[in-house]
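Each reported figure results from applying straightforward, stated rules to the coordinates on display, with no laboratory input. Because the structure is predicted, anything quoted here is derived from the model rather than measured. Cβ: placed from backbone, ideal geometry, glycine included. Neighbour counts: every protein chain shown.
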Amino acid sequence: MLADTMHEKMKGWFARIILGIIILSFALFGVDAYNRAGSSAPVVAQVGDRKITLPEYEEAFKAEQNRMREAGERNPAILNGKTLKLAVLERLIHEQLLIQQAAKQGYSANEAAILALVQHEPTFQENGQFSEARFQAFLAYNHLSSKQYVSSIAQNRVIRELLALQADTGIVSHTLAERLAQIMAEQREVSKSVLHTADFAAQVTLDPQKIQAYYTAHPELSRVPEQARVEYIVFSPEAVLAHLQVTEADAKAYYAAHAAQFAQPESREVAHILIRALPDAKPAERQAAEEKAQQILKQVQQNPQTFGELAKKYSQDPLTAAQGGSFGLIQRGAIFKQVEDAAFSMKAGEVRGLVPSPAGFHIVQVKAITGGGQRSFDDVKVQVMDAAKRDLALRKFNEAVDLFGDAVYSKPDSLKPAAEKYQLTIQSSDWFGRSGPTQGVLKNEHLLSAIFSSDSVKDKRNTDAIEVAPNTLVAARILEYKPAASKPLETVKGEIESRLRTEQAAVLAAKKGQADVTELQQGKGVAALKFDTPIKLDRAQALKTGMDQTALQAVFRVSVKTLPAYTGVALANGDYALYKISAVSTNETLRQQASQFVPLSLAQTASEQIASVYLDSLRREEKVTIKQEVLDKVGAER
């Protein structure tokens with residue numbers, strides 16, 4: 001809750017600049033703590049009584065690898081490195097520490113209410129109605145069941161509530177905030193001269209020994225991994241669905257059996273006044289908080305119209321106090337269960353207190369009530385027909401799962417009999433290696449392992465019917481196979497020469513650039529340098545122009561006690577840039593804007609540091625064991 005609010009307030013270029021100045025010490029990744037593995041699976045780590053299994057860890061690790069690939073990372077040393085492996089494991093350990101602590105302190109989330117909210121999520125709506133098809137497609141794409149998806153949201157909520165209580169705003173140094181605002185508002189008049197790597201390429205001399213050494217040191221340049229091209233069939237409820245019809249009578253029966261699914265969720269406009277008293281507070285502190293809350297309750301009861309003003313004055317919830325204590329319009333599952341139970345049992349306009357929760361004592365007001373009630377069959381007929389059809393498809397799929405596997409196994413040299421029996425389309429893939437295609441149903445470790453097994457490769461036999469996602473089975477058969485090989489030096493010699501020439505030219509450019517900067521700093525002229533037209537830049541403008549991050553830091557780090565000032569930096573493309581700073585000024589408008597956002601950033605940093613310390617304390621309380629020998633096997637070539 002706190003993290004979301006701070007994130008919204010810190011959007012935009014000011015946040016990006018602040019994050020460039022202040023190094024944040026803690027960042028919690030998304031929550032996905034479901035476990036698909038059985039008890040016999042290898043264990044990567046144990047947190048208290050909870051085991052993090054190898055399949056669970058590998059799924060999280062692959063998800064992070066995919067996220068990094070989508071962001072443009074292609075270096076295998078990074079994608080399979082120890083640093084990333086440990087970072088993913090630490091995330092899972094932190095999640096488990098928080099989940100266990102939340103359970104101890106009585107935090108919970110209403111999963112039924114969350115599912116109701118999901119049905120009103122715009123992503124899953126079609127023509128203003130919940131689309132079961134869209135929802136199931138989303139789950140299938142993310143390899144989730146409905147329960148896993150809802151459970152992950154529930155865990156996310158309780159973890160965020162727990163962290164929000166720990167990471168309160170704290171005290172922000174006014175002097176530091178003003179100094180940072182001044183830094184952000186500083187403008188420098190900058191001109192640039194670039195030494196291009198290409199201009200130094202002619203000075204590079206290459207010899208056969210260097211080329212051979214580079215070839216030997218970079219086997220990835222010549223390695224051609226094994227590859228396969230396959231045909232495959234996909235058996236799922238979606239495949240069954242295409243051949244089913246349901247009657248209106250079937251739909252009405254489904255509607256009667258699942259009435260709650262088609263109810264209109266009730267929403268309430270709720271406000272509260274919170275006086276904090278954490279579960280581990282001393283008895284005297286808790287009593288004092290309760291007495292203070294009782295005094296405020298009396299004032300509210302005497303004059304309910306003053307609720308909002310009293311919330312602004314007394315409430316210790318930094319997220320709602322400024323809004324008169326208002327949560328806005330909420331449905332079940334959005335706030336503490338104790339407060340929620342009270343709010344959803346009250347009448348519009350009613351005030352109730354004191355309501356205890358893990359956060360302290362609440363005075364609750366319900367301002368308005370909307371929604372609720374059952375929608376008629378006619379109102380949701382299309383939605384019910386679709387849901388009934390999908391329910392029937394799922395049942396028929398479950399009945400045929402074992403038979404489908406038998407059909408694939410009984411005719412091991414062809415997928416055609418199984419495809420014809422279940423009316424499936426035989427699909428063909430492009431060439432791919434052991435890591436699989438970039439996406440799609442073939443991107444599954446167990447299926448890829450079966451495809452590249454000796455039986456599949458040698459005899460072109462069908463793989464087993466393998467579950468690649470909840471309720472999705474795939475069987476594949478190799479059409480063509482290429483074994484792993486290495487390209488000879490002559491094949492990659494041109495690429496190696498190009499790399500070596502570029503690398504050594506960049507070294508020469510940097511050496512010349514550094515010498516020129518030294519000359520300029522000593523007040524000497526360098527005739528060959530041509531600086532472009534000066535432009536006035538602040539940090540935000542520099543980011544917008546796409547300035548190299550290293551160059552940005554160099555330009556705003558160099559001392560400007562004496563002008564002009566000079567600095568230089570090697571750019572990401574190998575060129576070397578020299579920068580001349582000829583004037584410095586302050587943009588007063590920027591300074592005033594920054595003065596509003598910097599305290600928020602400092603508060604966020606303090607909150608994240610508190611959260612980090614809190615996690616460290618939980619780790620000391622719970623026994624955490626890491627199985628390094630199991631972790632080392634992740635990502636290893638088979």
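Each residue, Ser585 and Gln182, gets one label point 7 Å from its Cα in the Cβ direction; the gap between the two is 1.9 nm. Note on Ala253 and Ser414: with the Förster distance fixed at 35 Å, the Cβ-Cβ geometry gives a FRET efficiency of about 0.30. On a per residue basis, the convex hull of the C-alpha atoms belonging to the range 266-371 measures out at 84 Å³.
Between Lys458 and Gln212, the modelled label-to-label distance comes to 3.9 nm, taking each label 7 Å out from Cα in the direction of the beta carbon. Whole-Hz Karplus values for the range 78-95 come out as 7, 5, 10, x, 4, 4, 5, 4, 5, 4, 5, 5, 4, 4, 5, 5, 4, 4 Hz, taken residue by residue from phi with 6.51 cos²θ - 1.76 cosθ + 1.60 and θ = phi - 60°; glycine and proline positions read x. A crude spin-label estimate for the pair Glu309 and Ala260, with each label 7 Å from Cα along the Cβ direction, gives 4.4 nm. The phi-based Karplus calculation (6.51 cos²θ - 1.76 cosθ + 1.60; θ = phi - 60°) puts the 3J(HN,Hα) values of the range 554-571 at 5, 5, 8, 9, 5, 5, 10, 5, 10, 10, x, 10, 10, 8, x, 7, 7, 7 Hz, whole numbers, x for Gly and Pro.
Computed from the C-alpha gyration tensor, the three semi-axes of the ellipsoid equivalent to the chain are 49, 45, 22 Å, from longest to shortest.
Cross-link partners of Lys337 among lysines, defined as those whose alpha carbon lies under 16 angstrom from its own and excluding same-chain residues fewer than eight positions apart: Lys104.
One Cα centroid belongs to the range 367-428, the other to the range 444-514; the line between them spans 35 Å. Across the range 241-271, the residues whose backbone nitrogen lies under 19 Å from the label position 7 Å along the beta-carbon direction of His120 are 259-271.
With a Förster radius of 30 Å applied to the beta-carbon distance between Leu221 and Gln514, the computed FRET efficiency rounds to 0.50. Each peptide in 423-431, 449-457 receives the mean, over its residues, of other Cβ atoms within 10 Å, and ordering these scores from highest gives 449-457, 423-431.
Which percent of Cα pairs goes in each bin when the distances of the range 321-397 are cut into 5 angstrom slices starting at zero? Values per bin, smallest distances first: 3, 12, 17, 17, 10, 8, 9, 9, 9, 5, 1.
Going down the list Lys443/Lys487; Lys512/Lys536; Lys85/Lys460; Lys389/Lys421; Lys458/Lys487, which pairs span over 32 Å between their C-alpha atoms? The pairs that break the limit, which is 32 Å between Cα atoms, are Lys85/Lys460.
Taking Lys and Arg as +1 and Asp and Glu as -1, the other residues whose beta-carbon sits under 14 Å from that of Lys511 total -4. Summing charges over all other residues whose Cβ lies under 9 Å from the Cβ of Leu195, with Lys and Arg as +1 and Asp and Glu as -1, gives -2.
Rank-order 289-296, 54-61, 531-538 by packing density, defined as the average count of other C-beta atoms within 10 Å over each peptide's residues, highest first.
Output ranking for 289-296, 54-61, 531-538: 54-61, 289-296, 531-538.
Could you pull out which residues in the range 446-472 have an amide N less than 20 Å from a spot 7 Å beyond the Cα of Leu244, following the Cα-Cβ vector? The answer is 467-472, whose backbone nitrogens lie closer than 20 Å to the label point.
Estimated from helices alone, the mean residue ellipticity of the chain at 222 nm is -15000 deg cm²/dmol (sum of -39500 (n - 2.57) over DSSP H runs with n ≥ 4, per residue). Go through Asn573, Ala253, Asn75 and say which Cα lies farthest out towards the positive end of the charge dipole of the chain; charges sit on Cβ, +1 for Lys and Arg, -1 for Asp and Glu. The residue sitting farthest along the positive end of the dipole is Asn573. If the segment from Leu563 to Gln423 were pulled out straight at 0.36 nm per residue, it would be longer than the present Cα-Cα gap by 42.6 nm.
Could you compute the net charge surrounding Arg134? Neighbours are other residues with a C-beta less than 12 Å from the C-beta of Arg134; K and R count +1, D and E count -1.
Net charge in that neighbourhood comes out at -3.
Each of Met385, Met184 was scored by other Cβ atoms within 10 Å of its Cβ. Listed from fewest to most, they are Met385, Met184. Subtracting the Cα-Cα distance of Ala202 and Ala71 from their residue separation scaled by 0.36 nm leaves 43.7 nm.
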